[in-house]
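Before any comments, here is the structure.
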Amino acid sequence: MPIDAAVLDEIAHLRELNPAEKAALAEKIDLLPCPLGHMVFRYGDPGHALYIVRSGEFEIFVKNDQGEKIVLEVAQPGDLFGEISLLDGGPRTAWVTAVVDGELLRLDREHFEDYVRQCTPAALNLLSVAARRLRKSDEVIRRTVTRNVNDVADEDHSLLTRLADRVPAYTGSLGSVALHALFLGGWIAVNLSVIGALRAFDPYPFEFLSVIVSLEAIFLTLFVLTSQNRQRARDRIRSDIEFESSLNTETKIAYLHEKIDKLTEGQYELLINTRKLLAK
């Protein structure tokens, strides 16, 4: 049933249409009430329409091979979904269900070309929706495999961050201790005239050496603090990865329990039917 053209003013990318275009488009759009839990369409259903959210929230999700639910997006008022099937003519690629009471504007396939041709912002909105979903899918794929925390932390590595990690690491090594001992011992020996062939240039109390050591201590402290902040970031990433792994494990265990329960129910029903047959 056609809608009032004023309803299109509620959709951001349709407000630029002139009154005649809004009236023509309104005749081609249906208004669908969707109560909580309503399944708009399922994966594999034929794609005959594009949906625009007028009110409410709609969860767009897929399921992997283990039956785990992966939410791609929660569509808000003004968002649209169902565009992929209209663009490629294929079946639906996800499930969509209402998470609160809401309303949808439905545009059938035969009017889709008019919608895109008449409303340039609509075409741009379709591209932005596709790009957003693609980014979300990439993120889901990236997070479905076990990740190394060091590899994740190295993704934002730069010259400064590498320097901040390596300077404290080298300073705490035995090589650094030996180098400092050799440098300080040589400096003191020269300026105490222990080595007669060399002239003292920083006599006791070694003021120039004190300045060098102080500057080194300041810069080393800054490097250590930076390295600690980076280590804190790594710990946070490690905690997130461990949480994701634990959640994934719990989900798979629950899925296995569900499969075992179904197998048990099937065996029980088979046993009951066998007893009934034997009783006859």
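The values are calculated or read from the model by the stated rules, or taken from the named source; none is laboratory data. Treat the numbers as computed from the prediction; the structure is a model and nothing was measured. Here Cβ is always computed from backbone atoms with ideal geometry, including for glycine, and neighbour counts include all displayed protein chains.
Could you run through region 160-192 and say how many residues are over 46 Å from the mean Cα position of the chain (by Cα) and loosely packed, with under 12 Cβ neighbours inside 10 Å?
Total satisfying the criteria: 4.
Being crowded, with 19+ Cβ neighbours inside 10 Å and either at pLDDT 75 or above or not acidic (Asp, Glu) (or both) is the requirement here; does Gly67 meet it? So that I can check it myself, show each step before the final result.
Details: crowded, with 19+ Cβ neighbours inside 10 Å: no; either at pLDDT 75 or above or not acidic (Asp, Glu) (or both): yes.
So Gly67 fails the test.
Would you point out the residue of region 93-123, among those that are within 26 Å of the chain's Cα centre (by Cα) and modelled with pLDDT of 70 or more, that is surrounded by the most Cβ atoms within 10 Å (Cβ to Cβ)?
The extreme case among them is Val96.
Quick check on region 69-84. Is at least one of its residues in contact (Cβ under 8 Å) with a residue 60 or more places away in the chain, closer than 24 Å to Leu127 by Cβ and among the acidic types (Asp, Glu)?
First pass over region 69-84, keeping only residues in contact (Cβ under 8 Å) with a residue 60 or more places away in the chain: 70, 72-73, 77-78.
Next, only the ones that are closer than 24 Å to Leu127 by Cβ stay: 70, 72-73, 77-78.
Still in the running and among the acidic types (Asp, Glu): 73.
Yes - at least one qualifying residue is present in region 69-84.
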